[in-house]
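Since the structure comes first, as structure tokens, the remarks are kept for the end.
The numbers here are math on the coordinates, done by the rules we state, and not lab data. Being a predicted model, the structure only gives us computed values, none of them experimental. Cβ atoms come from the backbone with ideal geometry, glycine included; neighbour counts cover every protein chain shown.
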Amino acid sequence: MCHMDRRGAVIKRQTQREGIELLVAIVAVMWVVEIINTLDGNHLNGDGIYARDPGRLWGILTAPFIHVSFAHLISNTVPFVFMGLIIALRGAARLALITAIVIVAGGLGTWLISPAHVSTVGASGVVFGYAGYLLARGLFNRSPLELVTGVIVGAVWGAALLASLVPHGGISWQGHVCGGLAGVLAAWLLTGDRAHRTAATTQNQLDRALAK
């Protein structure tokens, strides 16, 4: 029994370490890109999301890693690390999946509703996605611990996040709203009961196929 407990603890620590390593890698990429962007005269600022431009859909994938200045990057890095770390403790796979859902779904929403002919860049949409996920997952999973975590996130960052939803010049409230909604979508898609049911259904289908 003790042996199994130790093994479980080792696996848990390894999972958490892998999640943190992925989070560090994502942040490192953002900082390297900003260094390159600064040295290149901020030419990468044009590689963001251009609303309703089919030829620039690829900007959905590049926009979160580009920032207009180091001040912009720092303002995103702090909440990104704070909320990303909470998610990363569930493992690299969970962090990667949530990040991918937020980038793609939130980016598509931003691409649909943002002003035309403007490049939208920055990780703030992902920050809002992480916040949306952390605030919503406890409701979907009916987990008291996750609900408390969501309350803490709301208490620490709620005012700043709500203020960022108010339209300001040079700030994409569209990206913030779409990122937040994408985070809620990620929480719904990754609800524990739904994931377990999907895994069970897949296993049953596999068992029936092998039995034939």
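In whole Hz, what ³J(HN,Hα) sequence does segment 18-27 give by Karplus (6.51, -1.76, 1.60; θ = phi - 60°), x for Gly and Pro?
5, x, 5, 4, 5, 4, 4, 5, 4, 5
Could you size up the charge dipole of segment 2-119 around its Cα centre, putting +1 on the beta carbon of Lys and Arg and -1 on that of Asp and Glu, and report it in debye to the nearest 20?
Using only the charged Cβ atoms, the result is roughly 600 debye.
Quick check: the angle from helix 124-141's long axis to the longest principal axis of the chain, C-alpha only, nearest 10 degrees?
With both axes taken from Cα atoms, the answer is about 30 degrees.
With angles folded into 0 to 90 degrees, how steeply does helix 92-101 sit against the dominant principal axis of the chain? Use alpha carbons for both and round to 10.
In the chain, helix 92-101 runs at an angle near 50 degrees to the longest axis.
Using a cut-off of 14 Å between beta-carbons, work out the net charge of the residues near residue 26 (Lys and Arg +1, Asp and Glu -1, residue 26 not included).
-2
Between residue 36 and residue 53, 0.36 nm times their residue separation minus their Cα-Cα distance comes to what?
Length gained between residue 36 and residue 53: 3.5 nm.
Specify the angular offset, from 0 to 90 degrees and rounded to the nearest 10, of the alpha carbon long axis of helix 192-211 from the longest principal axis of the alpha carbons in the chain.
With rounding to tens, the tilt is 60 degrees.
Would you work out which of 101, 9, 79 lies farthest towards the positive end of the dipole of segment 2-211? Charges go on Cβ: Lys and Arg +1, Asp and Glu -1.
It is 9.
Would you give the gap between the C-alpha center of segment 141-169 and the C-alpha center of segment 63-138, rounded to a whole Å?
Spelled out, the Cα-based centre of one part sits 14 Å from the other.
Would you mind calculating the gained length between residue 81 and residue 188 on full extension (0.36 nm times residue separation, minus the Cα-Cα distance), in nm to one decimal?
Full extension from residue 81 to residue 188 adds 36.3 nm.
After finding the eigenvalues of the alpha carbon gyration tensor for segment 1-102, what semi-axes result from the square roots of 5 times each, listed largest first in whole Å?
34, 15, 10
Tell me, what are the semi-axes, in whole angstrom and largest first, of the equivalent ellipsoid of the chain as set by the roots of 5 times the Cα gyration tensor eigenvalues?
Rounded to whole Å, the semi-axes are 33, 20, 18.
Between residue 5 and residue 151, what length in nm is gained on full extension when 0.36 nm per residue of separation is reduced by their alpha carbon distance?
Extra length available between residue 5 and residue 151 comes to 49.5 nm.
Choose one of 134, 161, 58: the residue whose Cα lies farthest towards the positive end of the charge dipole of the chain (beta-carbon charges +1 Lys, Arg; -1 Asp, Glu; about the Cα centre).
The Cα lying farthest towards the positive end belongs to 134.
Which residue, chosen from 184, 147, 31, occupies the Cα position most advanced towards the positive end of the dipole of the chain, where the dipole is computed from +1 (Lys, Arg) and -1 (Asp, Glu) charges on Cβ about the Cα centre?
Looking along the dipole axis, the top candidate is 147.
Which value, in debye to the nearest 20, describes the size of the charge dipole of the chain about its Cα centre when Lys and Arg Cβ atoms bear +1, Asp and Glu Cβ atoms bear -1, and nothing else is charged?
860 debye
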